[in-house]
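Written below as structure tokens is the structure these notes are about.
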Amino acid sequence: MADDERTPRRDATDRPTRSRDIRDAGRTRRRFIWLTGTAAMAGLAGCSGGGGGAAETTTATTTESSDSTGGVPAEYATATSLDGTQRNPDSLSSQEAVSYQDQPSGGRQCSTCRYYIEDKNGDGVGACAIVAGEIAPEGYCVSYVEYEG
Ligand code: SF4
């Protein structure tokens, strides 16, 4: 009785299941190939899109200016900040990246920040040891750290 029950059940269900499994495996394999191909194409598009797009993005997030000083007069290029941090023109955040603004925020401003580099040429603006471009003493950004020296 047990053999009689096993044999018909195998015949009735295995064949369709196996062929369905094979079809599903083929579909899954094709979908995998399609997805990996699509992902690769998307990756290539991201790398090559817009010609100089990647270079422009890198420039925007590391230095605001393309000049060798990081967007400031030469005397600020490698100057030190209030706490003695030396500015490196090749390793600066853009003002956009740190949400720089030219006004104080809640009593905090660049002139009291440890990274501020004071005015050196009498024009009323300074620089920053970690942010590109000229920096107003009354400015502010999210990297602010109070100078306690
Ligand atoms: S508040 Fe930001 S931009 Fe201003 S000195 Fe500090 S780190 Fe630099």
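Condition check ((1) out of contact with any Cys (no Cβ under 9 Å at 6 or more places or on another chain); (2) within 15 Å of the ligand (Cβ to nearest atom); (3) modelled with pLDDT of 95 or more) across all residues:
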| residue | (1), (2), (3) |
| --- | --- |
| Ala55 | yes, no, no |
| Ala60 | yes, no, no |
| Gly70 | yes, yes, no |
| Gly84 | yes, yes, yes |
| Arg87 | no, yes, yes |
| Tyr115 | no, yes, yes |
> Which residue out of Gly139, Gly124 is within 17 Å of Val72 (Cα to Cα), near the ligand (Cβ under 8 Å from one of its atoms), without any contact (Cβ under 8 Å) to a residue 40 or more places away in the chain and not hydrophobic (A, V, I, L, M, F, W, C)?
Replying inline: Gly139
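In contact (Cβ under 8 Å) with a residue 40 or more places away in the chain, near the ligand (Cβ under 10 Å from one of its atoms), surrounded by fewer than 18 Cβ atoms within 10 Å (Cβ to Cβ) and not aromatic (Phe, Trp, Tyr), is that true of Gln95? Even if it seems obvious, please write down each step before you answer.
Numbers: in contact (Cβ under 8 Å) with a residue 40 or more places away in the chain: yes; near the ligand (Cβ under 10 Å from one of its atoms): yes; surrounded by fewer than 18 Cβ atoms within 10 Å (Cβ to Cβ): no; not aromatic (Phe, Trp, Tyr): yes.
Judged against the criteria, Gln95 is not a match.
The values are calculated or read from the model by the stated rules, or taken from the named source; none is laboratory data. Only a predicted model underlies this, so the values are computations on that prediction, with no experimental measurement involved. Cβ sites come from the backbone with ideal geometry, for glycine too, and all protein chains shown count toward neighbours.
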